[in-house]
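None of the figures in this text is laboratory data; all of them are computed from the coordinates on show. Computed from a prediction, not measured in an experiment: that's the story for all the values here. Cβ placement follows ideal geometry from the backbone for every residue including glycine, while neighbour counts extend to all protein chains displayed.
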Amino acid sequence: MKQFILVANWKMNPITVEGAQHLWNVVSKGIDGTDKTKVVVCPPFSYLHLFSSLKGISLGAQDCFWQQEGAYTGEVSPKMLVDLGCEYVIVGHSERREYAKEDNQIVNKKVKAALDARLHPILAIGEKIRETFDSRGKHTNELDRIVERQLVEGVAGVPKSRAEQLLIAYEPVWAIGTGIAAESNDVFTAVLFIRKILSQLYSRSIADRIPVLYGGSTDSKNLTQFLQEGNADGALVGGSSINASEFLRMIKVAEEITGK
Ligand code: PGA
């Protein structure tokens, strides 16, 4: 039975401890030990100590540094995240690439440091501009140029023995927070493309075991199309994850598909 993965990326929300506690409580109670869908919640660093993984819900962080300890003012290391109970960490989110100017080399160092600490890195990749097609129906290569490079450079040096700890989140930048999600066939093409590259880098069977998620304006209404027609193994959810009832509806959608 396929287990979908829904990752909640709270980003820089909510702005109070009380708000964070409330959101976590409502979501964790609503999940109530479900095991058909894997739920990973990634609050801001400052709230991580308040929460711990429970049955059906795992704790993750939104970023980490590439060193484990030392004189790196303002940074948080993968080992510190493990000590706080994290099992996952998002790496290379487009907002980090944009606002913190992280490039593929920095992202790669973070992926490897996260793996060294035994975290599951959720490597976020995605093109900035929407794929367009020429008159013969051939795409204009944004996927090939940007996504392939982000993936290949992002996992460079990750050995076969560790590759299955990875998760990949395909997040076209134009779909993040815009309310304009990708079409299911965009997602299908991207998931296939990502799997093809992973097979070339590792092997077909390893590639099949690395979850490929979709992210970008997902909600309870459009999730089915990404999981079914899009063939994604789950979703990385931003805006809809800080609305507890909407996020619980998304979990229910994933559960229903799994149950079919
Ligand atoms: P969104 O964000 O669901 O608000 O589009 C997704 C993300 O940035 O991970």
quick shape note, region 137-248: Cα extents on principal axes in Å, largest first -> 40, 34, 22
Under the Karplus curve 6.51 cos²θ - 1.76 cosθ + 1.60, θ = phi - 60°, whole-Hz ³J(HN,Hα) for region 158-168, x wherever Gly or Pro sits
7, x, 3, 5, 10, 4, 6, 7, 7, 10, 10
Mind checking which of L248, I194, I206 is farthest towards the positive end of region 179-260's charge dipole, using Cβ charges of +1 (Lys, Arg) and -1 (Asp, Glu) about the Cα centre?
I206
Under a 5 Å amide H to amide H cut-off, with H placed in plane at 1.01 Å, what residues pair with L213 once short-range neighbours are removed?
I168, A169, Y170, D233
Ranked by Cβ crowding within 10 angstrom, fewest neighbours first, how are T218, T34 ordered?
T34, T218
Long-range amide H contacts for I5: which residues qualify at under 5 Å (H placed 1.01 Å from N, peptide plane, sequence gap of 5 or more or a different chain)?
K38, G234, A235
When the chain is treated as a Gaussian network with springs between alpha carbons less than 10 Å apart, the largest mean-square fluctuation among L192, L143, L151 is found at L192
Assigning unit charges at the beta carbon (Lys, Arg +1; Asp, Glu -1) and nothing else, what dipole magnitude in debye, to the nearest 20, does the chain show about its Cα centre?
500 debye
Per-residue ³J(HN,Hα) for region 229-244, Karplus 6.51 cos²θ - 1.76 cosθ + 1.60, θ = phi - 60°, Hz, x for Gly and Pro:
5, x, 6, 7, 8, x, 9, 9, 10, x, x, 6, 8, 9, 10, 4
Between V17 and Q67, what length in nm is gained on full extension when 0.36 nm per residue of separation is reduced by their alpha carbon distance?
15.2 nm
Along the Cα→Cβ direction, 7 angstrom out, place labels at D32 and E75. What is the inter-label distance in nm?
4.4 nm
With the 8 Å Cα cutoff and a minimum separation of six or more residues, the chain has a relative contact order in percent of 20 percent
Compactness of region 1-115 as Cα Rg over 2.2 N^0.38 Å, two decimals
1.09
Could you work out the helix-only [θ] at 222 nm for the chain, with each DSSP H run of four or more residues adding -39,500 (n - 2.57) and the total divided by the number of residues, to the nearest 500 deg cm²/dmol?
-10500 deg cm²/dmol
Please turn the phi angles of region 85-93 into ³J(HN,Hα) values with the Karplus equation 6.51 cos²θ - 1.76 cosθ + 1.60 (θ = phi - 60°), one per residue in order, whole Hz, x for glycine and proline.
x, 6, 10, 10, 8, 7, 10, x, 4
Report the antiparallel proportion of the DSSP beta bridges in the chain as a percent, rounded to a multiple of 5.
5 percent
Give me D for the chain in µm² s⁻¹, whole number, from Stokes-Einstein with Rh from the Kirkwood sum over alpha-carbon pairs, 25 °C and 0.890 mPa s.
134 µm²/s
Nearest 5 is fine: what % of DSSP beta bridges in region 1-116 come out antiparallel, could you say?
10 percent
Among the listed pairs K29/K55; K29/K252; K55/K112; K2/K38, give every one whose C-alpha distance is greater than 21 Å.
K55/K112
Could you pull out every residue, at least 5 positions away or on a different chain, whose amide H is within less than 5 Å of the one on D63? Hs are placed 1.01 Å off N in the peptide plane, and Pro or chain starts have none.
I90
One finds the C-alpha centres of region 143-210 and region 1-70 to be spaced, in Å, by 23 Å
